[in-house]
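Below: one structure, written as structure tokens.
The values are calculated or read from the model by the stated rules, or taken from the named source; none is laboratory data. Note that this is a predicted model, so its numbers are computed, not measured. Positions of Cβ are generated from backbone atoms using ideal geometry, with glycine treated the same way; all protein chains shown enter the neighbour counts.
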Amino acid sequence: MINTDSSNSTSQKNIITPGPLPSSIQINADGKLKHFLTIEGIPPLLLEEILDRSQQFVSLPNKAQVQAPLLRGKTVMNLFFENSTRTRTTFELAAKRLSADLVNMDIRTSSATKGESLLDTIRNLEAMGCDMFVVRHSSSGAAHFIARYCAPHISVLNAGDGRHAHPTQAMLDMLTIRQHKGDFTPLQVAIVGDIKHSRVARSQIHALSTLCTGEIRIIAPKTLIPQGIENMGVSVYHEIEKGIKDVDVVIMLRLQHERMTTALLPSVREYYARYGLTEERLKLAKPDAIVMHPGPVNRGVEIDSRVADGSQSVIMQQVTNGIAVRMAIMSMVMG
Ligand code: NCD
């Protein structure tokens, strides 16, 4: 699972390939969530429980002051081996709102830069009394690897691994869709952009299909679509005008230049001309369609500013929902 084709990372070279990864690793024998590594294999009822709990946290009055004591006495360590704004900060706020002790490891100034292996870093943090690791890493499989080898009382949450999975992002996206549209079954959802390098798209597709979404459309040039994507139950479009016709939800993705090893596009300008979400193109979707983006948004590359900031955009609501979803998942794995 772990590969080395993504961007450089200080400790990537120290990871040991973990071998086959059983999806049961994240669910206990009694059906409870132990780790949160991928949406794949999580039953619909458990996904719905996450959404219900998240919605309860969204509805908490005066969120900044109400500290739910569910993680009091627990220590959460944020291990971000890759840059992040929204994900790291919302995990931090979620842990604090649940009354946990939170440590933000600065990997750039840690001993990972002195050749310490990931496993040795983990062992040392365990010795400090950690209960939960939140892991972002440029190598696919990094969070699974830590979950497999860490002490049994510890839970691991995947905050994005290589191009593999970003399950908490997918869940905050599902929450946002549910808040606007309710039931998933009649919905047509389009995901537009760099599907090939996107861990977000992969997790969204798993979540949308587990929740029985009516139709999932993938829209991208051939070079940005991974082989065999049809096996995930999606329909593939190469023209945005056809792909977003009458959809209920449009999810835009960034071009992940840092993961592209060869030139996959003639130019950014041409990409915008063919795939950029403009006001004119958005009119092809349903009139009440919502526009989503996991961020970071590249204005004028995948989306026009007027759409990103327009009345159909729910991009900031996604960010806000990130706190509630992470609170829900953290409380469930520690439950
Ligand atoms: C995404 C990520 O890091 O995978 N962003 C995020 O977590 N909000 C998407 C991206 O980087 O394009």
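General observations
- Residues in the range 97-119 that are in contact with a Ser or Thr (Cβ under 8 Å, 6 or more places away or on another chain) and closer than 17 Å to Ala151 by Cα: 2 in all.
- Test set (1) away from the ligand (no atom under 16 Å from the Cβ); (2) in contact (Cβ under 8 Å) with a residue 12 or more places away in the chain - Asp309 fails condition number: (2)
- Exactly one residue out of Ile240, Ile225, Ile216 is more than 11 Å from the ligand (Cβ to nearest atom) and under 22 Å from Gly310 (Cβ atoms), and it is Ile240.
- Complete set of residues in the range 179-209 that are surrounded by fewer than 24 Cβ atoms within 10 Å (Cβ to Cβ), more than 16 Å from the ligand (Cβ to nearest atom) and either at pLDDT below 95 or not basic (Lys, Arg) (or both): Gln179, His180, Gly182, Asp183, Phe184, Thr185, Pro186, Leu187, Gln188, Ser209
- The single condition among (1) within 16 Å of Met292 (Cβ to Cβ); (2) in a helix (DSSP H, G or I); (3) not hydroxyl-bearing (Ser, Thr, Tyr) that His206 does not meet is (1).
- Test for Gly243: is it surrounded by 21 or more Cβ atoms within 10 Å (Cβ to Cβ) and more than 21 Å from the chain's Cα centre (by Cα): yes
- Listed by position, the helices (runs of 4 or more DSSP H) contained in the range 59-163 that have at least 1 residues being touching a Cys at 6+ places or on another chain (Cβ under 6 Å) and more than 16 Å from the ligand (Cβ to nearest atom) are 118-127.
- A search for C-beta distances below 8 Å between a residue of the range 118-130 that is among the hydroxyl-bearing types (Ser, Thr, Tyr) and any residue that is part of a loop (DSSP other than H, G, I, E, B), counting only pairs 6+ apart in sequence or on different chains, returns Thr121/Ser11; Thr121/Ser110.
- Pairs with Cβ under 8 Å, 6+ apart, first in the range 283-299 and over 15 Å from Gln318 (Cβ atoms), second assigned to a loop (DSSP other than H, G, I, E, B) and within 11 Å of the ligand (Cβ to nearest atom): Asn298/Arg254; Asn298/Leu255
- Members of the range 299-335 that are in contact with a Leu (Cβ under 7 Å, 6 or more places away or on another chain) and surrounded by fewer than 22 Cβ atoms within 10 Å (Cβ to Cβ): Val301, Asp304, Gln312, Ser331, Met332, Val333, Met334
- Residues that are surrounded by fewer than 12 Cβ atoms within 10 Å (Cβ to Cβ) and hydrophobic (A, V, I, L, M, F, W, C) within the range 255-285 comprise Ala263, Ala273, listed in sequence order.
- Of all the residues in the range 26-62, those that are farther than 25 Å from Gln179 by Cβ, surrounded by 15 or more Cβ atoms within 10 Å (Cβ to Cβ) and touching a residue at least 24 places away in the same chain (Cβ under 8 Å) number 4.
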